[in-house]
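Worksheet: one structure, shown below.
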There are 2 protein chains.
Amino acid sequence: MASIISSQLKKITGSNITLPKGFTAAGINCGIKFKKKDLGIILSEKPASAAAVYTTSKIKAAPLEVTKESIETEGLLQAVIVNSGNANAFTGEQGRMHAYAMCREVSERFGLLDHHVGVASTGIIGETMPIEKILQGIQQLTPAAQVDRAMEFSQSILTTDTKTKNACYSFNIGESEVILAGTAKGSGMIHPNMATMLSFLTTDANISSEHLHLALKKVTDQSFNCITVDGETSTNDMVLILANGLAGHEELSPEHPDWGTFLQALTLTCTELAKSIARDGEGATKLIEVTVEGAATGDEARAAAKSIVGSPLVKSAIFGCDPNWGRIVAVLGYAGVEICPDSIDLSIGNFPVLRQSKIEDFNHDEISDYLTGSEISITVNLHKGNGKGKAWGCDLTYDYVQINSSYTT
Amino acid sequence: MASIISSQLKKITGSNITLPKGFTAAGINCGIKFKKKDLGIILSEKPASAAAVYTTSKIKAAPLEVTKESIETEGLLQAVIVNSGNANAFTGEQGRMHAYAMCREVSERFGLLDHHVGVASTGIIGETMPIEKILQGIQQLTPAAQVDRAMEFSQSILTTDTKTKNACYSFNIGESEVILAGTAKGSGMIHPNMATMLSFLTTDANISSEHLHLALKKVTDQSFNCITVDGETSTNDMVLILANGLAGHEELSPEHPDWGTFLQALTLTCTELAKSIARDGEGATKLIEVTVEGAATGDEARAAAKSIVGSPLVKSAIFGCDPNWGRIVAVLGYAGVEICPDSIDLSIGNFPVLRQSKIEDFNHDEISDYLTGSEISITVNLHKGNGKGKAWGCDLTYDYVQINSSYTT
């Protein structure tokens, strides 16, 4: 099923990462977790151009280093192996050996080159990987181009997530129909910084690894990097895209007339996945979207929006349907962006609260009532320039505390 | 009652801000709140050298600007008027007029110069001050040098705090006994940045406003600026110290042989108040002290410590007595300080968890048991240099969410 966004771009519902030509996937339980799926694979019929962005944390998990090495060799990947339940982070030399072993097991099983395999992990930090279970699990994987298998993959990468997260668009490059699909996980420890949580994107577009990286970097800065659940940047954040070229069009580059279409599809896909993560934040009951206009620059607009949506006081107030707008203004004071305290506009939903920093004649109960909804929008105009940006987050609830007070026990 | 810290320095229990010579205080309910005290005054028998540090938020409350103006005129204050229940923040020109009106009412009632009065406010942001009630309240204030009156002042500045916060030390400058006392409030919106929440310090030391500011700046950076409850920097943070010179010693300056004693007394007083604020953080059940050693610099040590104690995941884990040490390490990754991921020591209480990033043979249950206590200490050694620093915070509990989901309603 597809709905048309523009003449060029169609949103595919029932989206899954095996819709682009030549991709298969699978997900199983290999015993890291008790029953839930914990091991998944994405496989391309031929080596695909690959690009990834990683966490900026100084403590990077072993699989990120190994994936980076693989991509740097040729710019190509043909498979990605992913486990949940154990982050393989802060595991030293042994962790690196385990990440290599996972890649090697995949390359042997599917007849690939070692450096054509990427690896990702998510779960508890600092625990040794149950590597035997994982290697045996790899032998059980039977990837196929089926919705069910793709969904099994999406399930296998989840931790405290309550839902799988998928998005998919189709568009034309020249005469060829191209599909771009993505899946993601993330619920807590979400405050991506120049990189993001786990997300895997597949496309049959024909594009070099270099240009793919250019597009991915630009788009993640405005999508995944604009969400926050709890201000915590993870050790395992990674977005990885594979482009196997099977759509058969002339190679994409920034000079190609359809480059803009590709960027737009990538932006829509990443933004949809990013919003799914924010909506499924640990314990969340509401998705909060903050739009900042009139900032000095786009970066400042996004920074201000992310500070508001990251404020525990704003998040708690929205959970309680309390229109405590003074807290939103207080965040602007410390967000590190240029403001003029006497010329701020603020709306909650469609209700104007401040105009040029003067309180509008709003009805407290109407806004409280609006805040009972499941999607809350806040709009700020700083009247400093033309910068505009958005950020997404969720409310802070009792359940966030409950989930995180007993994670390892 | 006094206990001796060093030959020079004694801690006074039953501390109150009227213990230094020449200071009186009072606190009443003037009707901003329903029943609780909401208006207080500190008065000195003669104009006192004054120094203050203020929030670095770009949205500064009106009373801060007015206090700053008063101090800048002569470096002297003789009275400070404080209300709780309304922050007089983001209230524009009318807010400034209300802050001036409070000072004028005090100067007239007590026969002071207008610019010898400081003013502070704390409470809801963005609401118009009920100025008539406050001005009438000022007429009811009858400051005296009594423990009860000092306690009434300490109560009158509270918002969501559950306890008053006081500290007091005596020491000798030359032959004279000098007393330094302080009181503070703060429970939520606590993440002071180069300044702090509301705290008022009185002393009968003889010191110029300039040198008092020098000492205050140095000490707040290592005390109030090292606490966090929720990562939110307030619009109304202020620490104010009054020194009326009535102890009668030769004027203090950095060249005076007892300068170090004065700094030590100020450090002990401010640290004690800062820890009281962290312990009484909104919804908190535990005080958390994080010590970072071996950082590149003292500033980096304090930054790393403050990041750990500010992490919602670490805070939730401690609330749940869950020794999820991987989260502490994850924070070090994004704290913006120099680290070497392979050489980190970590202890929880007296239990070594990591040595040179290798997991020690610790007993999970013993640490869980330790975490049931009301004071938790975490120690990290980064092995990068000689920088050492501490920070204080509290656990994240259901009650934080409860308190903040219905603050204005």
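The values are calculated or read from the model by the stated rules, or taken from the named source; none is laboratory data. The model shown is predicted, which means the values in this text are computed figures rather than measured ones. Note that we place each Cβ from the backbone using ideal geometry, even for glycine, and neighbour counts take in every protein chain shown.
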ask   = Would you pick out the residues in segment A:320-337 that are outside any helix (DSSP H, G or I), at the interface with chain B (Cβ under 8 Å from one of its Cβ atoms), more than 20 Å from B:Tyr398 (Cβ to Cβ) and without any contact (Cβ under 8 Å) to a residue 40 or more places away in the chain?
value = A:Trp325
task = Could you tell me whether any residue of segment A:254-265 is assigned to a strand (DSSP E or B), buried (at least 23 other Cβ atoms within 10 Å of the Cβ) and at pLDDT 90 or above?
result = no
query = If you scan segment B:380-390, which residues turn out to be more than 25 Å from B:Glu366 (Cβ to Cβ) and either modelled with pLDDT under 90 or more than 13 Å from every other protein chain (Cβ to nearest Cβ) (or both)?
reply = B:His383, B:Gly385, B:Asn386, B:Gly387, B:Lys388, B:Gly389
request  = For B:Leu246, state whether it is assigned to a helix (DSSP H, G or I) and either modelled with pLDDT of 90 or more or surrounded by 24 or more Cβ atoms within 10 Å (Cβ to Cβ) (or both).
outcome  = no
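When segment B:294-319 is examined, which residues are found to be at the interface with chain A (Cβ under 7 Å from one of its Cβ atoms) and in contact (Cβ under 8 Å) with a residue 24 or more places away in the chain?
Passing the criteria: B:Pro312, B:Ser316, B:Phe319.
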message = Checking A:Glu289 against (1) in contact with a helix residue (DSSP H, G or I) (Cβ under 6 Å, 6 or more places away or on another chain); (2) buried (at least 17 other Cβ atoms within 10 Å of the Cβ), only one condition comes out false. Which one?
response = (1)
task = Find the helices (runs of 4 or more DSSP H) located wholly in segment B:36-151 whose residues include 1 or more that are among the aromatic types (Phe, Trp, Tyr) and at pLDDT 95 or above, and list them.
result = B:92-110
ask   = Which of the residues that make up segment A:67-102 are under 22 Å from B:Val329 (Cα atoms) and of a type in the set (Gly, Ala, Ser)?
value = A:Ser84, A:Gly85, A:Ala87, A:Ala89, A:Gly92, A:Gly95, A:Ala99
task = Among the residues of segment B:23-34, write down those that are modelled with pLDDT of 95 or more, outside any strand (DSSP E or B) and either hydrophobic (A, V, I, L, M, F, W, C) or more than 27 Å from B:Thr128 (Cβ to Cβ) (or both).
result = B:Cys30, B:Ile32
key: Which numbered condition B:Ser377 misses (of (1) modelled with pLDDT of 95 or more; (2) more than 27 Å from A:Thr397 (Cα to Cα); (3) among the small types (Gly, Ala, Ser))   = (2)
ask   = Just checking, which of B:Thr291, B:Thr285 is over 17 Å from B:Cys226 (Cα atoms), at pLDDT 90 or above and in contact with a Ser or Thr (Cβ under 7 Å, 6 or more places away or on another chain)?
value = B:Thr285
query = Within segment B:99-120, can one find any residue that is within 22 Å of the chain's Cα centre (by Cα), of a type in the set (A, V, I, L, M) and surrounded by fewer than 24 Cβ atoms within 10 Å (Cβ to Cβ)?
reply = no
message = As an exercise: evaluate A:Asn236 against (1) within 12 Å of another protein chain (Cβ to nearest Cβ); (2) within 21 Å of A:Leu382 (Cα to Cα); (3) within 20 Å of the chain's Cα centre (by Cα) and give the number of the one condition it does not meet.
response = (2)
request  = Considering only segment B:44-80, state which residues are hydrophobic (A, V, I, L, M, F, W, C) and away from every other protein chain (no Cβ under 12 Å).
outcome  = B:Ala48, B:Ala50, B:Ala51, B:Ala52, B:Val53, B:Val66, B:Ile71, B:Leu76, B:Leu77, B:Ala79, B:Val80
request  = Could you tell me which of the residues A:Leu332, A:Leu346, A:Leu266 is touching a strand residue (DSSP E or B) at 6+ places or on another chain (Cβ under 9 Å) and in the same structural domain as A:Ala247 (by TED's automatic domain parsing)?
outcome  = A:Leu266
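To keep it simple, each residue is scored yes or no on (1) farther than 28 Å from B:Gly182 by Cβ; (2) under 16 Å from the mean Cα position of the chain (by Cα).
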{"site": "B:Thr267", "(1), (2)": "no, yes"}
{"site": "B:Leu273", "(1), (2)": "no, yes"}
{"site": "B:Thr291", "(1), (2)": "no, no"}
{"site": "B:Gly294", "(1), (2)": "yes, no"}
{"site": "B:Ala305", "(1), (2)": "no, no"}
{"site": "B:Lys315", "(1), (2)": "no, no"}
{"site": "B:Leu332", "(1), (2)": "yes, no"}
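Conditions (1) buried (at least 24 other Cβ atoms within 10 Å of the Cβ); (2) under 24 Å from A:Pro63 (Cα atoms); (3) over 21 Å from the mean Cα position of the chain (by Cα), marked per residue:
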site: A:Leu135; (1), (2), (3): no, yes, yes
site: A:Gln140; (1), (2), (3): no, yes, yes
site: A:Glu152; (1), (2), (3): no, yes, no
site: A:Ile157; (1), (2), (3): yes, yes, no
site: A:Thr162; (1), (2), (3): no, no, no
site: A:Cys168; (1), (2), (3): yes, no, no
site: A:Ile173; (1), (2), (3): yes, no, yes
Among (1) surrounded by fewer than 24 Cβ atoms within 10 Å (Cβ to Cβ); (2) part of a helix (DSSP H, G or I); (3) outside the structural domain of B:Lys390 (by TED's automatic domain parsing), the one test that B:Asp299 misses = (3)
query = Looking at this structure, is A:Leu346 away from chain B (no Cβ under 14 Å), at negative phi and not polar (S, T, N, Q)?
reply = no
